[in-house]
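Trainee: One structure is given below, represented as structure tokens, and several questions about it will come after.
The values are calculated or read from the model by the stated rules, or taken from the named source; none is laboratory data. Owing to the predicted nature of the structure, the values given are computational and were not obtained by experimental measurement. Ideal geometry is used to build each Cβ from the backbone, glycine not excepted, and the neighbour counts take in all protein chains shown. To get the accessible areas, we keep the full protein, side chains included, count just its heavy atoms, and leave off ligands, DNA and RNA. Shrake-Rupley method; radii C 1.70, N 1.55, O 1.52, S 1.80 Å.
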Amino acid sequence: MSEPPPYPEIEPTTFDLIAVGTGLAECIVAAAASASGKTVLHLDTNPFYGSHYSSLSVPELTSFLISNSTASSPPSSTSTTTDSLDYSIVNLTTQPVYSDVEISCFYPELLEENLRKFNLDLCGPRVLFCADKSIDLMLKSGASNYVEFKSIDASFVGDGNGKLWNVPDSRAAIFKDKSLTLMEKNQLMRFFKLVQGHLDATVAAGFSGNDGIGNGNDEEEGKTKISDEDLERPFVEYLSKMRLPPKIRSIILYAIAMADYDQDDMGVCQNLLKTKDGIDRLALYQSSVGRFTNASGALIYPIYGQGELPQAFSRRSAVKGCIYVLRMPVTALLMEKDSGSYKGVRLASGQDIFSQKLVLDPSFTLASPSTSPSDLLHESFNFLSTRDVKGKVARGICITQNSLKPDTSNLLVVYPPRSLYPEQITSIRALQISGNLAVCPLGMFVLYLSALCDDAIQGKRLLNAAMNALLTFPDSVNSESSSTVQSENTEEKPSVIWSGLYIQEMSTGQFDSINFAPMPDGNLNYNDILDAALKLFQEMYPNEENFPETTPPENSEDDIGLTLET
């Protein structure tokens, strides 16, 4: 009796769109195309959804990082190219998007029985603001029906002395915060009132048609817009102009506005935040607090991990007719011999599938053609073989048995630039998630860390500095930074059971009908990834609206369709 074929035959063989890789951007594009009536085939080499946005067990995550840190090629197809074909076969390979992978297990006996009970995020730390674009899109598309969220309990700013200062996210929180002096509370309240007045005046000006400046009635009501000159100046300068002390400026810049680079040092700051952008980020934070009645703050996290988000959009796509095939490698592209334009893909089974548009996982690149191509085809090869690398982000994952704060399970910690050592020019973010979010066994905790970096040496130093400030390692007794923090911190730090550190590239690319999805960026939320995905959809289908069939619920105040557990 003959063995069944290793790969299924796919019918039909022609689609409007083929997506290879089930990352978040690919899944959003596929869901939008399906909702617009396009025929979509969605493929993934992996046996799981999510690709670089997935949540994996400890063995799966280790294997994925190692396999994607070296260049490789998909399995060879079983068919051969013949001269009778009117298209050329261009082999696909993968380039490493991770490097310097470092896996350490300090207490294997504690993990042995629980290795597959973890859902570890590849792109962590990540959270969603209650009022950000991702939530709005999930509600609009219907993807919110397939994922549940839980609130992040608290946010903190860390310092070099091992202390964690609470981030007040509302007027009530400011008054209750015992770490702020009465003067600091008044200064912060006045600033938040000024920002709210600017936002109210901006909305009022939009309705009335005036600029909102110099209106006596508005000023009486506290609705005065910030001047255009101040809106264009660096946010850090505006905060200084408002005479806010360094501690308050640091909280606003790095724990609420989520600035990445040292805003006080123009020489090293690669992304200087303008006041208008800073105000927008404060508005997002403030509008997120209280949007959902059972959310304690501005931030929420998906139960079972961030890998649930690509799956939610995938399920929405499947309802609209999208065909999904996992464990299906794509080995080559089919390109027109004369024009060099894209025609289709060849699968590891040897089957050729055709489509008008293609979205590729960002790890793919083209191998050199075996035959002499036309000039147009050669131009395609050169372009598609070059990825646009935007930078690097260092990521870390630590498993512990104790919480950073005894009374708080799920929390965010931000270390502003220069807070841990003088050469620290970027923020370091750490997100602790507990077993009550189903990412690890009850009684354990997962700590995600990230920081933008130029290279692995800088990135590992950033991560290790934060880890030494927050955690205890079996061999950290000789660490100078760790011993300094320990001596000044009265709370016992959690011990690390397992850790994984790695450097990830941030890249994207596009050519004609072929598009590369973006890698996860260094942000805390998905807004830039979402913008990139929707822009990609609009460029492919300029006459189509994304998710046109659904409309916002009539009772928008209740945000029906989003499940948020208490």
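Trainee: All but one of (1) part of a strand (DSSP E or B); (2) at pLDDT 90 or above; (3) closer than 26 Å to R327 by Cα hold for P96; which doesn't?
Mentor: For P96, the exception is condition (1).
Trainee: Can you confirm whether L244 is surrounded by 19 or more Cβ atoms within 10 Å (Cβ to Cβ) and more than 25 Å from L431 (Cβ to Cβ)? Before the answer, list the steps.
Mentor: Working: surrounded by 19 or more Cβ atoms within 10 Å (Cβ to Cβ): yes; more than 25 Å from L431 (Cβ to Cβ): yes.
Taking the combined requirement at face value, the residue satisfies it.
Trainee: Against the conditions (1) within 30 Å of P8 (Cβ to Cβ); (2) modelled with pLDDT of 95 or more, where does G396 fall short? Just the number, please.
Mentor: Tallying (1) within 30 Å of P8 (Cβ to Cβ); (2) modelled with pLDDT of 95 or more, G396 fails exactly one: (1).
Trainee: Is it true that L231 is in contact with a helix residue (DSSP H, G or I) (Cβ under 6 Å, 6 or more places away or on another chain), surrounded by fewer than 18 Cβ atoms within 10 Å (Cβ to Cβ) and at pLDDT below 95? Let's see the steps before the verdict.
Mentor: On the way: in contact with a helix residue (DSSP H, G or I) (Cβ under 6 Å, 6 or more places away or on another chain): yes; surrounded by fewer than 18 Cβ atoms within 10 Å (Cβ to Cβ): yes; at pLDDT below 95: yes.
It is true that L231 is in contact with a helix residue (DSSP H, G or I) (Cβ under 6 Å, 6 or more places away or on another chain), surrounded by fewer than 18 Cβ atoms within 10 Å (Cβ to Cβ) and at pLDDT below 95.
Trainee: Starting from the range 22-37, take each residue that is under 13 Å from Q538 (Cα atoms) and of a type in the set (S, T, N, Q) and list its partners that are at pLDDT below 95 and open to solvent by 10 Å² or more (accessible area, probe 1.4 Å), counting only C-beta distances under 6 angstrom and pairs at least six apart or across chains.
Mentor: If the second residue must be at pLDDT below 95 and open to solvent by 10 Å² or more (accessible area, probe 1.4 Å), the pairs left are S36/E544.
Trainee: Find all pairs meeting these conditions: Cβ atoms under 7 angstrom apart; at least six residues apart or on different chains; first residue within the range 335-349 and closer than 18 Å to V359 by Cα; second residue open to solvent by 50 Å² or more (accessible area, probe 1.4 Å) and not in a strand (DSSP E or B).
Mentor: Listed pairs, sorted by first residue: G340/L376; G340/E379; S341/D512; Y342/D512; L347/Y7; A348/Y7; A348/P75.
Trainee: Restricting attention to the range 15-52, which residues are open to solvent by 10 Å² or more (accessible area, probe 1.4 Å) and part of a loop (DSSP other than H, G, I, E, B)?
Mentor: Once the filter is applied, which keeps residues that are open to solvent by 10 Å² or more (accessible area, probe 1.4 Å) and part of a loop (DSSP other than H, G, I, E, B), the range 15-52 yields S36, G37, K38, T39, T45, N46, P47, F48, Y49.
Trainee: Could you grab me the full set of residues in the range 251-272 that are under 17 Å from S450 (Cβ atoms) and in a helix (DSSP H, G or I)?
Mentor: Y254, A255
Trainee: Applying the selection to the range 115-141, what residues are open to solvent by 30 Å² or more (accessible area, probe 1.4 Å), under 19 Å from Q432 (Cβ atoms) and either at pLDDT below 95 or not in a loop (DSSP other than H, G, I, E, B) (or both)? Outline the logic, then answer.
Mentor: Kept after step one, since they are open to solvent by 30 Å² or more (accessible area, probe 1.4 Å), are these residues of the range 115-141: 115-117, 119, 133, 136, 139-140.
If we keep only those that are under 19 Å from Q432 (Cβ atoms) too, we end up with 117, 119.
Matches in the range 115-141: K117 only.
Trainee: Moving on to the next point. Just one of G212, G160, G206, G216 is touching a Phe, Trp or Tyr at 6+ places or on another chain (Cβ under 8 Å) and modelled with pLDDT under 90; which is it?
Mentor: So the residue among G212, G160, G206, G216 that is touching a Phe, Trp or Tyr at 6+ places or on another chain (Cβ under 8 Å) and modelled with pLDDT under 90 is G160.
Trainee: Restricting to the range 278-316, count the residues that are polar (S, T, N, Q), closer than 19 Å to G142 by Cα and at pLDDT below 90. Before the answer, list the steps.
Mentor: Applying the first criterion (polar (S, T, N, Q)) to the range 278-316 yields 286-288, 293-294, 296, 306, 311, 314.
Next cut, closer than 19 Å to G142 by Cα only: 306, 311, 314.
Of the ones still in play, those that are also at pLDDT below 90 are none.
Selection size over the range 278-316: 0.
Trainee: Okay, next question. Return the residue satisfying two criteria in turn: it lies in the range 441-454 and is within 20 Å of the chain's Cα centre (by Cα) and of a type outside the set (S, T, Y), and of such residues it is most open to solvent (accessible area, probe 1.4 Å).
Mentor: Ranking the candidates gives D454 first.
Trainee: Additional query: Out of (1) open to solvent by less than 20 Å² (accessible area, probe 1.4 Å); (2) closer than 30 Å to L43 by Cα, what's the single condition that is false for L299?
Mentor: Failing condition for L299: (2).
Trainee: Another question, if that's okay. Any idea which of S487, S481 is at pLDDT below 95, within 21 Å of D262 (Cβ to Cβ) and open to solvent by 30 Å² or more (accessible area, probe 1.4 Å)?
Mentor: S481
Trainee: Just one of L41, L24 is closer than 16 Å to Q306 by Cβ and touching a Phe, Trp or Tyr at 6+ places or on another chain (Cβ under 6 Å); which is it?
Mentor: Working: L41 fails: closer than 16 Å to Q306 by Cβ.
After applying the criteria, what remains is L24.
Trainee: What single numbered condition from (1) open to solvent by 40 Å² or more (accessible area, probe 1.4 Å); (2) modelled with pLDDT under 95; (3) touching a Leu at 6+ places or on another chain (Cβ under 9 Å) fails to hold for T81?
Mentor: (3)
Trainee: Can you report the number of residues in the range 166-181 which are of a type outside the set (S, T, N, Q) and modelled with pLDDT of 85 or more? Reasoning before the result, please.
Mentor: Taking the range 166-181 first, the residues of a type outside the set (S, T, N, Q) are 167-169, 171-178, 180.
This time we only want the ones that are modelled with pLDDT of 85 or more, so: 167.
Going through the range 166-181 one residue at a time, the tally reaches 1.
Trainee: Which of the residues that make up the range 409-436 are among the polar types (S, T, N, Q) and open to solvent by less than 20 Å² (accessible area, probe 1.4 Å)?
Mentor: N410, Q424, T426, S427, Q432, S434
Trainee: May I pose another question? Applying the selection to the range 145-161, what residues are touching a helix residue (DSSP H, G or I) at 6+ places or on another chain (Cβ under 7 Å) and either within 23 Å of M519 (Cα to Cα) or assigned to a strand (DSSP E or B) (or both)?
Mentor: If the condition is that a residue be touching a helix residue (DSSP H, G or I) at 6+ places or on another chain (Cβ under 7 Å) and either within 23 Å of M519 (Cα to Cα) or assigned to a strand (DSSP E or B) (or both), then V147, K150, S155, V157, G158 are the ones that fit.
Trainee: I'd like the full set of residues that are assigned to a helix (DSSP H, G or I) and open to solvent by less than 10 Å² (accessible area, probe 1.4 Å), limited to the range 162-190. Break it down into steps so the answer makes sense when it comes.
Mentor: As a first pass, look at the range 162-190 and keep what is assigned to a helix (DSSP H, G or I): 171-176, 182-190.
Scanning the range 162-190 gives I174, L188.
Trainee: Is it true that T275 is surrounded by 12 or more Cβ atoms within 10 Å (Cβ to Cβ), at pLDDT below 90 and either among the hydroxyl-bearing types (S, T, Y) or within 25 Å of the chain's Cα centre (by Cα) (or both)?
Mentor: no
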